[in-house]
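Input: a single structure, listed below in structure tokens.
Each reported figure results from applying straightforward, stated rules to the coordinates on display, with no laboratory input. Note that the coordinates shown come from a computational prediction; the quantities given were computed from them, not determined experimentally. Counting neighbours? That spans all protein chains shown, and the Cβs are built from the backbone with ideal geometry, glycine included.
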Amino acid sequence: MADLDSEVPPLPPRYRFRDLLLGDQGWQSDDRVQVEFYMNENTFKERLKLFFIKNQRSSLRIRLFNFSLKLLSCFLYIIRVLLDDPTQGLGWSPIIWVNRSLPLWGLQVSVALISLFETLLLSYLSYKGNIWEQILRIPFLLEIINAVPFIITIFWPVLRNLFIPVFLNCWLAKHALENMINDLHRAIQRTQSAMFNQVLILISTLLCLIFTCICGIQHLERAGNRLTLFDSLYFCIVTFSTVGFGDVTPKIWPSKLLVVIMICVALVVLPIQFEQLAYLWMERQKSGGNYSRHRAQTEKHVVLCVSSLKIDLLMDFLNEFYAHPRLQDYYVVILCPTEMDAQVRRVLQIPMWSQRVIYLQGSALKDQDLLRAKMDDAEACFILSSRCEVDRTAADHQTILRAWAVKDFAPNCPLYVQILKPENKFHIKFADHVVCEEEFKYAMLALNCICPATSTLITLLVHTSRGQDSQQSSEQWQKMYGRCSGNEVYHINLEESTFFAEYEGKSFTYASFHAHKKFGVCLIGVRKEDNKNILLNPGPRYIMSSTDICFYINITKEENSAFKKQEKHRKKHESKLSYHGASRLPVHSIIASMGTVAIDLQDTGCRTSSGPTLTLPSEGGKEGRRPSIAPVLEVADSSSLQTCDLLSDQSEDETTPSDDEVSAGLEYAKGYPPYSPYIGSSPTFCHLLHEKVPFCCLRLDKGCQHNYYEDAKAYGFKNKLIIVAAETAGNGLYNFIVPLRAYYRPKKELNPIVLLLDNPPDMHFLDAICWFPMVYYMVGSIDNLDDLLRCGVTFAANMVVVDKESTMSAEEDYMADAKTIVNVQTLFRLFSSLSIITELTHPANMRFMQFRAKDCYSLALSKLEKKEREKGSNLAFMFRLPFAAGRVFSISMLDTLLYQSFVKDYMISITRLLLGLDTTPGSGFLCSMKITEEDLWIRTYARLYQKLCSSTGDIPIGVYRTESQKLTTSESQISISVEEWEDTKDTKEQTSYRSNHRNSTSSDQSDHPLLRRKSMQWARRLSRRVPRHSGKTAEKISQQRMNLYRRSERQELAELVKNRMKHLGLSPAGYDEMNDHQNTLSYILINPSPDTRLELNDIVYLIRPDPLAYVPNTAPSQKDSFCNTVGQDTREETQL
């Protein structure tokens, strides 16, 4: 029933027929009323108010006309004074009466009439019920004084020569000028208009005071000294400037009284004006003023938007930005909402920066501040996040809003955005370049576990340096390391290049090898003209084209290099003579040195699981002959390069898993992870499980119904663990797992990953990692020794300590890393051979990693760092041993990656490919190989380059070298008999002096610290004081005391750990091996010279071609086999 009532009844037939005949016109005769709005504005008064007051343009014109009238009245007064003769009157009559000609009187009366009418009209329009408020206003009173007497003279001609103080109209002109300027700046931001208005008010007030005093003194002295206008001007200037010569003085008392009044007024009014001006000037200095439109149109500038500006961030940006020659003429405009601190202010006052850096206090969310920074004319806008915030998600939200605001205000301005958390990255996909901090951080830390010092390698590549650091050092490793640190990634078109033009139509590996051999440059990738994707080492099948963009590593770019014509001509001549035959192979690549002609033919077999064999050829084993290496072919032979199907063509031991593997469930598939924890993650082909692991089985330290293991030892892992200590399981941690489970990592070499988390992970994170093999988590902290032992620290290959978000902010900035540094130092003392990779907030704190207070060599490196910093080095900390070895990393060091992208727009893409964050079909990946004793026959880096290019197609880009370093023995490692110490001291010092040692600065280091030496001497003297006739009790106490002194700190720590392991039911068998720690130093040589000698245990960084690029397109059911094939992988290490 309710539905029937709610229905609308149909129209009667008459209405329907009328609508049919008349259409819409029928509605016009309905009972409708037309309503007009805003009728109150149609009155005569409102229209006048709209014209004279409300409308901006018309009111500005009215005020300009009023201002002109007041100036005209003052000008007419001056004319009257100049035409007047003050000698005609006697006594006080010249003050009351003046001579005014009829035309002049007519002009002044006309001006007075117009001014009075306008004043009365404006008073009427602005009347609000209180008439006395309108009458008693100073401008109204001045208008009455100056205008009404002239109107009276119209009706009373006798008063036409009456003196009227028309010069007071200057104050009315000042009032009209202020109103006019306010209307003019109504649409402009407050700071600019206020500053301009205050300066204008001050100047106009001073002029009005001087003009009033001049006219008043001149008129009153008509009855005295009869001064001219110029004499009055002279007197006023001398008086107001406090000079007071005294040659011109007022004679009668009215003029003297006027001078006193004017001085009192000046002493009251001017200081107030100056105070307001000074306040506004200080506020403007804080806000930074603005970047002028004229400068923005004639000069180039970039804008840096930050929430808070620290001195380290500022110097990193300026040093990296201005390191490029073509950016020297750019201006940097900093837009920051906070006030400039003292350190930043001092730096920006340095002439080198004060002429190029402009600081503006303002918000990127305000169009007014963006207009001040001339964002629409900027070449680029850098938006950086505040990583020291406690709530990093809130910091990302602020960054997102800044990016949106800049994009809305200046759509054509290129955006370079830094974001902290990966889940927020998709909000700013419109930006030209985006760097997600946690993505890069975790991927870099993951690669550090399988490719040592990847973080140092990437950091050196993205920093601008000339390679001149530490070239005056006496240490050979410092010279090599400093020189190679100057290598960067550059690009050039192939047809315009001297390096690569001759390799057009040849294979990529051929071009890379010969360019390195001839010029010392390392070709790492290419990009086709019609494709935006960069390919790192596309392999020997890729043929170089003239339109290709080549990416190479070198000390400097080719445009800044000079080539000797004679050397070039000689090399061309040799190349003509050495190339012959059908294959046109270079003779110097075929014939080995020392006369041998034995050739190791190129590996034409398929890439099996054992990898290509680069061992010593049998022909080269003869005495006196060095083995040869196969040449790098100009064009890959299709018959020799057999396609290797990674999905089906595997060795028998790979495709057929052992019984142990089957029982342990180690059969893995290859495919894309079915679940990603955040939007925007790049899909990566990985090793996956056939079925996801239950969440209960992911907990390492607690058993469940599926297994009863409660510690890492019980699992019986074949490979050593990788432990990640983090505060929370953020989405960025997903990028730590993916590179370690990528499809090109050998299945048998996958390391178990244990996440040691302070807080339990979320379910959506567990849902993402449950598909990966051998990934576990445990709730615990590195502060707790029991948690470390349960998670398997004694079986770990690497321990990654991630900086905690809760400790990133501190009252003292550099104290944010205090807890992390002390915890890592404890780990270092307890497990000395454990490879610990630490992330810090501030790079300056890396000098405290693995700190030894009495290490003379570290102190020498500290002095070297100070010298390099004084020389202006951008990487003064690079010689610190933890950084050089890749054991410490700070994400702030990657800020330069975003800065370099302004000049090198490809750097972010190349870095993402190297770290495995992006996978482009046909692009290679970063891996490493180790030089063993069997591989030393290769001898030099150039021969290794040729061997890799000719056999596997790998491109080496650098060497990680570890050298034995005799560092000061720590107190924990001293265990020496007190009685025999003095006798063996000299012998040990001589032996240590003769030991094989690479670095001369450590030869004078003492094996025993001074404090330990004093304590031993004191213990020895104390033991000798025991009387010989003492009983057995005294001898026992003495023996226990001596054993206590003999006991070293290392032994105490070892017993502590073993006791805890026994208490937890763990076997302490593997702990003793962790104490055999040899002091070494490690460093990176990026793109070393071809004649660099290879050494034992060198680790070579390789860019290996994409294995899937060799899979034929005609393979049947290839797509299905990707996800179902078990045990298919490639070798990560190349056996030489």
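Using 0.36 nm per residue, how much length does the chain from residue 533 to residue 297 gain when fully extended, once their Cα-Cα distance is taken away?
Working: separation 236, 0.36 × 236 = 84.96 nm, distance 3.44 nm.
Length difference between fully extended and current span is 81.5 nm.
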> How far apart, in nm, are the 7 Å Cα→Cβ label points at residue 345 and residue 367?
Replying inline: 3.3 nm
> Out of residues 5 or more away from residue 835 or on other chains, whose amide H comes under 5 Å of its own, with H placed 1.01 Å from N in the peptide plane?
Replying inline: 799
>> 7 Å from Cα along Cα→Cβ at both residue 1096 and residue 706: what's the point-to-point distance in nm?
In response: 4.6 nm
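Structure shown: which of 528/557; 421/904; 532/748; 300/804 lie over 30 Å apart, alpha-carbon to alpha-carbon?
Details: 528/557 20 Å; 421/904 24 Å; 532/748 36 Å; 300/804 40 Å.
The pairs that break the limit, which is 30 Å between Cα atoms, are 532/748; 300/804.
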> Sequence-distant or interchain residues sharing an amide H contact under 5 Å with residue 523, placed H: which?
Replying inline: 516, 553
> Where Lys and Arg each count +1 and Asp and Glu each count -1, what net charge lies around residue 104 among other residues with Cβ under 15 Å from its Cβ?
Replying inline: +1
> Which value in nm describes the separation of the simple spin-label points at residue 432 and residue 1062, placed 7 Å from the Cα toward the beta carbon?
Replying inline: 6.7 nm
>> Below 14 angstrom from the Cβ of residue 415, what's the summed charge of the other residues (Lys, Arg +1; Asp, Glu -1)?
In response: -1
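Per the Kirkwood definition applied to all pairs of different Cα atoms, how many angstroms is the hydrodynamic radius of segment 97-242? Provide the component values of the computation, followed by the final result.
Details: mean 1/r = 0.0564 Å⁻¹.
So the Kirkwood estimate lands at 17.7 Å.
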> Which stretch or stretches of segment 543-559 have amide N atoms under 20 Å from the point lying 7 Å from residue 504's Cα along the Cα→Cβ direction?
Replying inline: 543-552, 558-559
>> I want to make sure I understand the PRE zone here: with the label point 7 angstrom from the Cα of residue 154 toward its beta carbon, which residues in segment 103-125 have backbone N atoms less than 20 Å away?
In response: 103-124
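Using R₀ = 35 Å, calculate the FRET efficiency as 1/(1 + (r/R₀)^6) where r is the Cβ-Cβ separation of residue 326 and residue 394; round to 0.05.
Numbers: r = 37 Å, r/R0 = 1.07.
Calculated value: 0.40.
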> Taking the Cβ-Cβ separation of residue 78 and residue 352 as r and a Förster radius of 60 Å, what is the calculated FRET efficiency to the nearest 0.05?
Replying inline: 0.65
> Considering every Cα-Cα pair within segment 867-954, what fraction, in whole percent, is farther apart than 20 Å?
Replying inline: 61 percent
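Please give the FRET efficiency for residue 31 paired with residue 132, using the beta carbon to beta carbon distance and R0 = 60 Å, rounded to the nearest 0.05. All intermediate terms of the calculation are to be shown ahead of the outcome.
Details: r = 52 Å, r/R0 = 0.86.
Efficiency for this residue pair is about 0.70.
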> If we count every other residue with Cβ under 11 angstrom of residue 167's Cβ, Lys/Arg +1 and Asp/Glu -1, where does the sum land?
Replying inline: +2
> Considering the zone a paramagnetic label at residue 690 would reach in this model (a point 7 Å from Cα along the Cα-to-Cβ line), which residues of segment 744-773 have amide N under 19 Å from it?
Replying inline: 747-748, 770-773
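Please compute the Kirkwood hydrodynamic radius of segment 234-287 from all pairs of different C-alpha atoms, in Å with one decimal. Intermediate results must be reported in sequence, preceding the final value.
Numbers: mean 1/r = 0.0753 Å⁻¹.
Kirkwood radius, segment 234-287: 13.3 Å.
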> Which whole-number percent is the relative contact order of segment 257-360 (Cα, under 8 Å, 6+ apart)?
Replying inline: 32 percent
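If the chain between residue 1089 and residue 277 were fully stretched, how many nm would it gain, using 0.36 nm times the residue separation less the Cα-Cα distance? Please list the in-between numbers first.
Values: separation 812, 0.36 × 812 = 292.32 nm, distance 6.42 nm.
Difference between extended and current length: 285.9 nm.
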